[in-house]
Amino acid sequence: MHIVSLGVFNESGRRRDVDFRPGALNILTGKSKTGKSAILDIVEYCLGRNTVTIPTGVISDHASWYYVIVQFADERVLICRPNPEGASTHRAMVRTGGLDLAAPTFNELEVNADTEVVKDTLTERLRIESFTIDPEGGSLRQPFDVSVRQALFYCFQNQGEIASRDVLFHRQVENDIKTTIRDTLPYFLGAATPEQSALRRQLVATRRTLQRTQNSIRAAEADLDQQDSRVTHLIESAVSLDVLPADAGIGAREGMRAMLEGILTYRSDSLSTEVSEESRRRRELAEEGRTIRTRIREVDDQLELLRKLQDEQGDSQTEGRYQTERLRALNLLVPKSALTDGDVAVCPLCDQGLDHPDETIDELRALLNSLETRLEASKGVSSRRQATIERLEASREPLVEALRENVVELDAVAQQEAAIAAGRERRERIAFLQGRVSQELERGVDIAADLVELRNAERRYRGQLARLEDISERDDPATALRAAIDSVSELMTDYARYLQLEGSEHYVRLDPVELTVAVQRPGGRVPLGRMGSAENWVGYHLVAHLALHHWFATNGRPVPRFLMFDQPTQAFFPEEVVDAAEDENADWEAVRRQFTLMRDVVAALAGELQVIVCDHANLADDWFQDAVIENWRNGVALIPTDWLEDEAG
């Protein structure tokens, strides 16, 4: 898998392409802040990374889509990703085609996939086998299938990683990535195969099965001596509860299982029916009693209300009669003439004529008549209310009597249930016995026969385990991994000596556990973290990755055949270098050795490996200039100047 081209679309649909040569050394040289380092981030993003690491600024402000075209033996895959609004996205566009597949137009861009589709598409074409990584026992990590995502850890070295003495691989400092690289390295080196993984799982399963069988044998042997006494006790208990006939235990050795199963299926149906009928009757009587009590409470509430109204009316009538008697005294004061003709112009005391008629006399007479009328009417209401009270009191008596009968019948049912409860102890003892019988059947009644079968199974599992262990020893992943690491380390030693790195006179070795480079000196092992000089840190990153990809290519391993380095010559230039081509103090011979090593490794693999370098350096050597794909100087950059001018205009 090589990179053919990548590009950026702006919002107006214009496209900026960067083309690469498959199977060759590709050098993208230029000044700082032209977008060289973003090339690695764009490739990684387009190849399926969800987290966006493309720098925020000119590129992200002017880009709407990114694309990458990768090439396999006879096929190309176009992957486009929209410029996300946030820090991550899963959206993508995927298109496959022949070797003539080219970059799309802006109008052709559409989301038709996600990063899972990208992963599956590349994994399938890399021919990565179905290989599951199982974490160590007790680990909280979940098993995962090897895919292109893990293979890409060996393809990138960004500016901060290539000059680090603490990390060797891409994204090694992130959570769980170091463990993932350590787990997948044996597979990508060819030391661990899916067949070996399946064999290990089969070995683990067989060992566990054998251990369980041996535990069952020990339990059966310990159980055999105690079985007779246990079963005899169970049968005797069943006979005492009338579950089995009295002679059931005589000569019952042969039919032991059938007898125990008979105990287990025994049911006391008649007793259950009787208990159910009494329970139903008790529930009916309890419901009936609640209904009667509710009716009695309703009658009592009505009586209480009526009696209260009757008492209040009696008080009102007493007051009315009192006021009526007071008004009747008026007749004693009214003159005789007024009693006949109603003349109110005569004084009721002296029987003399008044200058003005006294209207109060008529008003008092009207009030007296009204009171007498109301008193008469209230007597009728009181009589009707009293009749209602008597009727309610009469209806209450049958309810009280019904409640007494309900209580008596409930007591009778309770006595019947008490009689039935006498049989409950037997039922509970039968249930307890059946539980013990169930345990005995689960334990296994035919222990002697079962023991023979278990011992035969143990012999089979021992033989199976011995065969699997023999195959595993003859195809040991640890031995294969050591052999692969030895081969890679020999290449690393040769490359380190060519670069004249510190300690290269000794044996340089890749550490697959700590994921670092170490020099085996006579005085001991010196890891990369203990070495000085940025030149050595960068140099050992170069030799390690070039040696690994040499092994991947020559052994046909399913790893993408490209390797991207960002600023490998940074150790030889000032930190704020603008253009390394103008630095007269740089160690140009050391720089030349780096690029020469890359050229020679690529040439030795005859088109199998593609190396892409983004750097400030720009050597005048003809072979170097032949490898330069673009020179981003004099206003040339990833984002064209006219894009910026269009926006400013």
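Taking the criterion of being surrounded by 11 or more Cβ atoms within 10 Å (Cβ to Cβ), hydroxyl-bearing (Ser, Thr, Tyr) and at pLDDT below 85, would at least one residue in region 477-497 satisfy it?
First, the residues of region 477-497 that are surrounded by 11 or more Cβ atoms within 10 Å (Cβ to Cβ): 477, 479-497.
Adding the requirement that they be hydroxyl-bearing (Ser, Thr, Tyr) leaves 479, 487, 489, 493, 495.
Among the residues that remain, those that are also at pLDDT below 85 are: none.
No, every residue in region 477-497 fails to be surrounded by 11 or more Cβ atoms within 10 Å (Cβ to Cβ), hydroxyl-bearing (Ser, Thr, Tyr) and at pLDDT below 85.
Does VAL299 satisfy being in a helix (DSSP H, G or I) and either modelled with pLDDT under 70 or in contact with a strand residue (DSSP E or B) (Cβ under 8 Å, 6 or more places away or on another chain) (or both)?
Details: in a helix (DSSP H, G or I): yes; either modelled with pLDDT under 70 or in contact with a strand residue (DSSP E or B) (Cβ under 8 Å, 6 or more places away or on another chain) (or both): no.
No: the conditions fail for VAL299.
So which of ASP446, ASP351 is closer than 30 Å to TYR266 by Cα, loosely packed, with under 14 Cβ neighbours inside 10 Å and modelled with pLDDT under 75?
ASP446
Give the residue that is modelled with the lowest pLDDT, with candidates limited to residues of region 64-107 that are acidic (Asp, Glu) and closer than 24 Å to PRO558 by Cβ.
Only one residue tops the list, namely ASP74.
In region 522-553, which residues are part of a strand (DSSP E or B) and in contact with a Ser or Thr (Cβ under 8 Å, 6 or more places away or on another chain)?
PRO527
Just the residues that are part of a helix (DSSP H, G or I) and acidic (Asp, Glu), please, taken from region 590-649.
Residues satisfying the conditions are ASP600, ASP622, ASP626, ASP642, GLU645, ASP646, GLU647.
Which count do you get for residues in region 130-148 that are under 17 Å from PHE72 (Cα atoms) and of a type outside the set (S, T, N, Q)?
Kept after step one, since they are under 17 Å from PHE72 (Cα atoms), are these residues of region 130-148: 147-148.
Pick out the ones that are also of a type outside the set (S, T, N, Q) and you get 148.
Of the residues in region 130-148, 1 are under 17 Å from PHE72 (Cα atoms) and of a type outside the set (S, T, N, Q).
Within region 607-623, track down each residue that is in contact (Cβ under 8 Å) with a residue 60 or more places away in the chain and either among the polar types (S, T, N, Q) or surrounded by fewer than 19 Cβ atoms within 10 Å (Cβ to Cβ) (or both).
Of everything in region 607-623, those that are in contact (Cβ under 8 Å) with a residue 60 or more places away in the chain and either among the polar types (S, T, N, Q) or surrounded by fewer than 19 Cβ atoms within 10 Å (Cβ to Cβ) (or both) turn out to be GLY607, GLU608, GLN610, ASN618.
Yes/no matrix, rows are residues, columns are (1) of a type outside the set (S, T, N, Q); (2) assigned to a loop (DSSP other than H, G, I, E, B); (3) in contact with a Pro (Cβ under 9 Å, 6 or more places away or on another chain):
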| site | (1), (2), (3) |
| --- | --- |
| ARG21 | yes, yes, no |
| ASN26 | no, no, no |
| THR34 | no, yes, no |
| ALA38 | yes, no, yes |
| ASP41 | yes, no, yes |
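Would you mind telling me which numbered condition in (1) surrounded by 11 or more Cβ atoms within 10 Å (Cβ to Cβ); (2) at pLDDT below 80 GLU405 fails?
The single condition GLU405 does not satisfy is (2).
List, please: which pairs have Cβ atoms under 7 Å, are six or more places apart or on different chains, and start with a residue in region 82-110 that is closer than 18 Å to ILE3 by Cα and end with one that is surrounded by 11 or more Cβ atoms within 10 Å (Cβ to Cβ) and small (Gly, Ala, Ser)?
ALA92/ALA113; MET93/ALA113; VAL94/ALA113; ALA103/SER5; ALA103/GLY7
If THR115 passes every condition in (1) more than 18 Å from ILE69 (Cβ to Cβ); (2) out of contact with any helix residue (DSSP H, G or I) (no Cβ under 6 Å at 6 or more places or on another chain) but one, which one does it miss?
Answer for THR115: the failing condition is (1).
The values are calculated or read from the model by the stated rules, or taken from the named source; none is laboratory data. Predicted model, so just to flag it, every value in this text is computed and none were measured. In this analysis, Cβ positions are derived from the backbone assuming ideal geometry, glycine residues included, and neighbour counts consider all displayed protein chains.
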